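Report on the following structure.
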Amino acid sequence: MAVRRVLKMGDPDLLRVSEPVKVFDTPELKALIEDLWETMEAEGGVGIAAPQVGVAERVVVFGPEESERYPEAPAVPRTVLINPKIEPIGDETAEGWEGCLSVPGMRGVVPRYLRIRYSGYNENGEHIEREVEDFHARVVQHECDHLDGILYPMRIEDMRLFGFESELIIQSEGDEIRCEV
Ligand code: NI
């Protein structure tokens, strides 16, 4: 197991469309997943996607046991999600602050579907399907965007609501800033 280097925005590898995993239960996949957990925890994130460590495969992990950095964040189950699919449930969207381990020190307000159904496979190839909302739905949408080469700043609609975390905290006036995915 190892903490891997997290690619930062500007690295063209973050813009690639990742490939589906075809073979489960390989030592390489298990090692990747262990390293993703270790890297996420070392960096204090709530999720991380394989492309962020330079691996162009459709694998994300999210849901820390607890987040010291975001103790107020609602619980999200610890999940490995491979070859994910997301369908919105309804058209309703919500705006919320996001951060990203690949965009360190910054935050922005991003619109996301409020409710989604997502499906995929865990590390053993077992099918997962869930209907979720709010923070859990936001985390999944953010992580899965990485698999298509999309970073959250590309989805910001009001660039006034994008900036350095150290400055935004002062200006946020009660908005929770809690998402480092
Ligand atoms: Ni991210």
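Out of 11, 91, 35, one residue alone is within 14 Å of the ligand (Cβ to nearest atom), modelled with pLDDT of 95 or more and farther than 19 Å from residue 139 by Cβ. It is 11. Listed by first and then second residue, the pairs linking a residue in region 85-111 that is closer than 20 Å to residue 148 by Cβ to a residue that is among the acidic types (Asp, Glu) and more than 14 Å from the ligand (Cβ to nearest atom), with Cβ atoms under 6 Å apart and 6 or more places separating them unless they lie on different chains, are 111/95.
When region 135-153 is filtered for residues that are assigned to a helix (DSSP H, G or I) and either out of contact with any helix residue (DSSP H, G or I) (no Cβ under 8 Å at 6 or more places or on another chain) or among the charged types (D, E, K, R) (or both), the ones remaining, listed by number, are 135, 136, 137, 138, 139, 140, 141, 143, 144, 145, 153. Selection of region 112-129 for residues being of a type in the set (A, V, I, L, M, F, W, C) and either free of Cβ contacts under 8 Å to residues at least 12 places away in the same chain or crowded, with 16+ Cβ neighbours inside 10 Å (or both) yields 114, 116. For region 86-117, the tally of residues that are under 15 Å from residue 47 (Cβ atoms) and touching a Pro at 6+ places or on another chain (Cβ under 6 Å) stands at 1. Picking from residues in region 156-181 that are of a type in the set (D, E, K, R), within 19 Å of residue 93 (Cβ to Cβ) and open to solvent by 70 Å² or more (accessible area, probe 1.4 Å), the one that is modelled with the highest pLDDT is 157.
Within region 132-146, the residues that satisfy the criterion of being within 11 Å of the ligand (Cβ to nearest atom) and of a type in the set (A, V, I, L, M, F, W, C) are 139, 144. Restricting attention to region 40-61, the residues that are over 15 Å from residue 83 (Cα atoms) and within 12 Å of the ligand (Cβ to nearest atom) total 7. For region 6-53, a tally of residues being more than 20 Å from residue 144 (Cβ to Cβ) and of a type in the set (A, V, I, L, M) returns 3.
Of the strands (runs of 3 or more DSSP E) contained entirely in region 1-99, those carrying at least 1 residues that are surrounded by 13 or more Cβ atoms within 10 Å (Cβ to Cβ), of a type in the set (A, V, I, L, M, F, W, C) and over 13 Å from the mean Cα position of the chain (by Cα) fall at 79-88, 93-98.
The values are calculated or read from the model by the stated rules, or taken from the named source; none is laboratory data. What you see is a predicted model; the values in this text were computed from it and never measured. Cβ atoms come from the backbone with ideal geometry, glycine included; neighbour counts cover every protein chain shown. The protein model used for the area step is the full one, side chains on, heavy atoms only, and it has no ligands, DNA or RNA in it. Shrake-Rupley method; radii C 1.70, N 1.55, O 1.52, S 1.80 Å.
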